[in-house]
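Take a look at the structure set out below.
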Amino acid sequence: MVKVRVNDEVREVAVDADTPLLWVLRDLLGMTGTKFGCGIAQCGACTVHLDGVAVRSCRLPIGQVGERAVRTIEGVGSTPVGAKVQQAWLDLDVIQCGYCQSGQIMAAAALLAANPKPDDADIDAAMAGNICRCGTYVRIRDGIKRAAQHD
């Protein structure tokens, strides 16, 4: 059994230590908000927070998580920054098809937690690894700026 703390709750799963965190979240814990995209940590659809840092869960073995806190899209709204990002996404209707948006929101929330007032270069750098096939990058940037304005 492996213990993992997800969204402030300790869970136990019967899984090999090399199983990717994404599959633990989706298949064993039923948390399907985090998406499978490329499977090689290049598209960002599987982004979650590990102790507040955005990481790709598709390539992170559960055995490497240890006692660090995992936060998913299901739990990001319980954080002040996550709630601001989600509200900005709704206010600006950022989502198009929506598939990548959980990863986009997680990356944006990690950015704003580390840098509450990012400039365009900061946003571009932080979001560069999150791909949106619909091309909603302008709305994503506007959403991050909107979330940064809420205090």
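The values are calculated or read from the model by the stated rules, or taken from the named source; none is laboratory data. Note that this is a predicted model, so its numbers are computed, not measured. Because the Cβ atoms are built from the backbone with ideal geometry, glycine has one as well, and the counts that use them run over all protein chains shown. Note: areas computed on protein heavy atoms with side chains; ligands, DNA, RNA excluded. Shrake-Rupley method; radii C 1.70, N 1.55, O 1.52, S 1.80 Å.
Quick one: pull the percent of accessible area on the chain belonging to carbon and sulfur, 1.4 Å probe, ligands and nucleic acids left out.
50 percent
Choose one of VAL48, VAL81, LEU60: the residue whose Cα lies farthest towards the positive end of the charge dipole of the stretch 48-149 (beta-carbon charges +1 Lys, Arg; -1 Asp, Glu; about the Cα centre).
The residue sitting farthest along the positive end of the dipole is LEU60.
Normalised by the residues of the stretch 68-115, what does the relative contact order come to in percent, with Cα pairs under 8 Å and at least six apart? Write down the numbers at each step before the final one.
Values: 24 pairs, mean separation 21.6, N = 48.
Computed value for the stretch 68-115: 45 percent relative contact order.
Quick one: in the stretch 86-142, what % of C-alpha pairs are over 19 Å apart?
Numbers: 290 of 1596 pairs.
More than 19 Å apart: 18 percent of the Cα pairs in the stretch 86-142.
Using the crude model of +1 on Lys and Arg Cβ and -1 on Asp and Glu Cβ, and no other charge, please compute the dipole size for the chain relative to its Cα centre, in debye to 20.
180 debye
How much of the pair distance distribution for the stretch 1-65 lies past 19 Å, counting alpha-carbon pairs only, in percent?
Values: 434 of 2080 pairs.
Of all Cα-Cα distances in the stretch 1-65, 21 percent exceed 19 Å.
Straight-line reach from LYS145: which aspartates and glutamates have a Cα under 19 Å away, not including same-chain ones fewer than 8 places off?
Result set, ordered by chain and number: ASP91, ASP93, ASP119, ASP120, ASP122, ASP124.
Test of understanding: what is the full-extension gain from ALA83 to TYR137, defined as 0.36 nm times their sequence separation minus their Cα-Cα distance?
17.4 nm
State in Å² the accessible area per residue of the chain; use a 1.4 Å probe, count heavy atoms of protein chains only, and round to the nearest integer. Walk me through the numbers before you get to the answer.
Details: 7580 Å² over 151 residues.
Dividing the accessible area of the chain by its residue count gives 50 Å².
Around LYS145, under 10 Å between beta carbons, what's the net of Lys plus Arg minus Asp minus Glu among the other residues?
So the surrounding residues net to 0.
Report the Cα-based extents of the stretch 38-151 along its three principal axes, largest first, to the nearest Å.
38, 30, 25
Kindly provide the helix-only [θ] at 222 nm of the chain, computed as the sum of -39,500 (n - 2.57) over DSSP H runs of four or more divided by all residues, to the nearest 500 deg cm²/dmol?
Working: 4 runs with 47 residues, N = 151.
For the chain, the value works out to -9500 deg cm²/dmol.
Given the C-alpha centroids of the stretch 50-77 and the stretch 114-151, what is the distance between them in whole angstrom?
A separation of 21 Å, based on Cα centres.
How much FRET efficiency would the formula 1/(1 + (r/R0)^6) give for LEU90 and ASP124, where r is the Cβ-Cβ distance and R0 is 22 Å, rounded to 0.05? Intermediate values should be presented prior to the final figure.
Details: r = 23 Å, r/R0 = 1.05.
Efficiency for this residue pair is about 0.40.
Taking a cut-off of 13 Å between Cα atoms, list the aspartates and glutamates near LYS3, but don't count ones fewer than 8 places away on the same chain.
Within the straight-line limit of under 13 Å, LYS3 reaches these aspartates and glutamates: GLU12, ASP16, GLU67.
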